[in-house]
Amino acid sequence: MDVQGIVEDIVSEVQPLLGLGAVASYIPSLGDVPAENFGVCVAMSDGPVYGAGQWQQPFSIQSISKVYSLALVMSYDYDSIWKRVFREPSGTPFNSMVQLEADNGIPRNPFINAGALVVTDRLLTLTGDAAGAVRGLLRSESGNQELDFDAAVAASEAEHGHRNSAMAHLLASYGNLENPVDLVLENYFKQCALRMSCEDLALASRFLARHGVSAGGTPFLTPNQAKRVNAVMLTCGTYDAAGEFAYRVGLPGKSGVGGGIVAIVPGRCSVAVWGPSLGPNGNSVAGIAALDAFTTRTGWSIF
Ligand code: DON
């Protein structure tokens, strides 16, 4: 399979889509990123790495960080997180809180914002520094020791973070936070503000394509845990578009409002795409089209 040729073709094919949708602006400092950017990287589980377009340009990973905080919590604490968060698709936007009260403060899944706040809270209890733990994992798995938080993005999100603050307070009112609200929010905004390239993300996610085996060759997750993280990505990773994503792409995937999406082909490779312009569900328009083309061309879907 000529994977390098395929990713280069995909970059050409998505060019007409790059203007569709809108770059996220509810976190004001994300709104400055030009919509014309596009990158793709494929990291094979047995070593080779392929990339095209702006695949080495860092961007804000945002909600993609929720995959690694969940993986870390599961690595420390196998199953106890599921007492505090469900694992069902919400069918609602990533920042919705309508179900949270109806469900007595238990978020529908760990990838909507309310669920990710609970996971970050747990990681804070387990490590004392949740955002630092996520950064540490991503540095060691990607091999990029320079990757870091974008302080301006984190501050911008904090300044406009009324909805996440409201969710965190509602969680606390149900006794579903172990740490002070402000500390949980600070760690959550920092982990979302990590800057990484498609190359960094594909490499850092390879443990999910290798049944939990880390970049160093040792188990980070058990094969069963890796299966479970991938399953939650499939059902909940793209929010109220998870059905559409499964239909078009046919892989576990996790999006972020910075325009990145990570997808996993278990046993074969991890893929990261980046196109900042988002559709109505907060997922990259060109990114989904690129992953659709990738699984169509390669036949590498789980279905
Ligand atoms: O909490 C937020 O709203 C952002 N830090 C992350 C949202 C996000 O990336 C949703 N994904 N598509």
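Remark: V153 matches the filter, which requires a residue to be within 16 Å of the ligand (Cβ to nearest atom), of a type in the set (V, I, T) and touching a strand residue (DSSP E or B) at 6+ places or on another chain (Cβ under 8 Å). Does region 28-87 hold any residues that are within 17 Å of the chain's Cα centre (by Cα), more than 16 Å from the ligand (Cβ to nearest atom) and under 30 Å from G105 (Cβ atoms), and which are they? Selection gives A71, L72, V73, M74, R87.
Selection of helices (runs of 4 or more DSSP H) fully inside region 161-223 by the criterion of at least 3 residues being surrounded by fewer than 16 Cβ atoms within 10 Å (Cβ to Cβ) and either more than 16 Å from the ligand (Cβ to nearest atom) or at pLDDT 95 or above (or both) returns 162-173. Cβ-Cβ distance below 9 Å, separation of 6 or more or different chains: which pairs start in region 84-103 with a residue that is at negative phi and free of Cβ contacts under 8 Å to residues at least 24 places away in the same chain and end on one that is outside any loop (DSSP other than H, G, I, E, B) and of a type in the set (S, T, N, Q)? Every condition considered, the pairs that remain are S96/N113. The one condition from (1) more than 20 Å from W274 (Cβ to Cβ); (2) assigned to a helix (DSSP H, G or I); (3) within 13 Å of the ligand (Cβ to nearest atom) that T125 does not meet is (3). Residues in region 96-115 that are among the aliphatic types (A, V, I, L, M), surrounded by 24 or more Cβ atoms within 10 Å (Cβ to Cβ) and assigned to a loop (DSSP other than H, G, I, E, B): I112 alone. Does G258 meet the test of being farther than 24 Å from S197 by Cβ and either part of a strand (DSSP E or B) or within 16 Å of the ligand (Cβ to nearest atom) (or both)? Here the answer is no, as G258 does not meet what is asked.
The values are calculated or read from the model by the stated rules, or taken from the named source; none is laboratory data. Predicted, not measured: the structure shown is a model, and the values here were computed from it. Positions of Cβ are backbone-derived with ideal geometry, glycine not excepted, and every protein chain shown enters the neighbour counts.
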